[in-house]
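S.K.: Can you read through this structure? Questions will come right after.
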Amino acid sequence: MFADPQTITIAGSAKSLVRISDDGLKSIYQTADEEYRFTISHRKSGNRTQRMIRLDRRIVAADPLTAANQYASAGVYIVIDQPAFGFTSTQLKDACAGLMAWFDATAQGKLLASEH
């Protein structure tokens with residue numbers, strides 16, 4: 001089991017997220033102000049297992065049409081789609097490391113600018 005709390009650093013500021021839910025296959029962590037939510041989950045589907053980590057952020061933003069403040073949220077997540085056999089944990093960890101190394105600040109900027 002992952003430690004409680006989890007810490008995620010956003011723009012140089014460490015955010016402490018405490019576990020608010022655990023059902024055996026999914027744990028949810030959240031900051032005290034509910035701005036950040038972090039989910040770790042595992043789901044079996046047929047002969048595959050999907051493992052996910054997800055970070056959601058909720059902010060108050062002005063609607064550009066009405067200027068009324070309302071909540072807006074965004075999420076960033078990674079899913080590992082693992083077959084029942086054929087891949088070792090090491091092979092999947094190597095794939096994760098390769099993807100994370102590729103996804104540097106330049107690649108993130110290009111993705112957010114809708115490049116492909």
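The values are calculated or read from the model by the stated rules, or taken from the named source; none is laboratory data. Being a predicted model, the structure only gives us computed values, none of them experimental. Cβ atoms come from the backbone with ideal geometry, glycine included; neighbour counts cover every protein chain shown.
S.K.: Within the range 62-88, which residues are over 18 Å from the mean Cα position of the chain (by Cα) and either closer than 24 Å to I28 by Cα or of a type in the set (A, V, I, L, M) (or both)?
M.R.: Across the range 62-88, the qualifying residues are A62, L65, A67, A68, Q70, Y71, A84.
S.K.: Another question about this same structure. Go through the residues of the range 27-44 one by one and say whether even a single one is of a type in the set (D, E, K, R) and on the phi > 0 side of the Ramachandran plot.
M.R.: Yes, the range 27-44 has at least one match.
S.K.: Quick check: anything in the range 84-103 in a strand (DSSP E or B) and in contact (Cβ under 8 Å) with a residue 24 or more places away in the chain?
M.R.: no
S.K.: Surrounded by fewer than 12 Cβ atoms within 10 Å (Cβ to Cβ) and assigned to a strand (DSSP E or B): is that true of S73 in this structure?
M.R.: Against the criterion (surrounded by fewer than 12 Cβ atoms within 10 Å (Cβ to Cβ) and assigned to a strand (DSSP E or B)), S73 qualifies.
S.K.: Report whether or not A67 is modelled with pLDDT under 95, farther than 17 Å from A3 by Cα and surrounded by fewer than 10 Cβ atoms within 10 Å (Cβ to Cβ).
M.R.: Spelling it out, A67 is indeed modelled with pLDDT under 95, farther than 17 Å from A3 by Cα and surrounded by fewer than 10 Cβ atoms within 10 Å (Cβ to Cβ).
S.K.: Hey, another quick one. Tally up the residues in the range 104-116 that are farther than 22 Å from F38 by Cβ and assigned to a helix (DSSP H, G or I), please.
M.R.: Number of matching residues: 4.
S.K.: Would you pick out the residues in the range 97-116 that are surrounded by 10 or more Cβ atoms within 10 Å (Cβ to Cβ) and farther than 20 Å from V79 by Cα?
M.R.: G109, K110
S.K.: Sticking with this structure for a sec: Looking only at the range 39-70, how many residues end up being part of a loop (DSSP other than H, G, I, E, B) and in contact (Cβ under 8 Å) with a residue 12 or more places away in the chain?
M.R.: Counting residues in the range 39-70 that are part of a loop (DSSP other than H, G, I, E, B) and in contact (Cβ under 8 Å) with a residue 12 or more places away in the chain gives 1.
S.K.: What's the number of the condition S41 fails, among (1) surrounded by fewer than 15 Cβ atoms within 10 Å (Cβ to Cβ); (2) in contact with a strand residue (DSSP E or B) (Cβ under 6 Å, 6 or more places away or on another chain); (3) not aliphatic (A, V, I, L, M)?
M.R.: Every listed condition holds for S41 apart from (1).
S.K.: With at positive phi and small (G, A, S) as the only criterion, which of G75, G24 stands out?
M.R.: So the residue among G75, G24 that is at positive phi and small (G, A, S) is G24.
S.K.: If I filter the range 14-36 down to residues being closer than 20 Å to A72 by Cβ and among the polar types (S, T, N, Q), which single residue comes out as surrounded by the most Cβ atoms within 10 Å (Cβ to Cβ)?
M.R.: Across the range 14-36, the extreme among qualifying residues is Q30.
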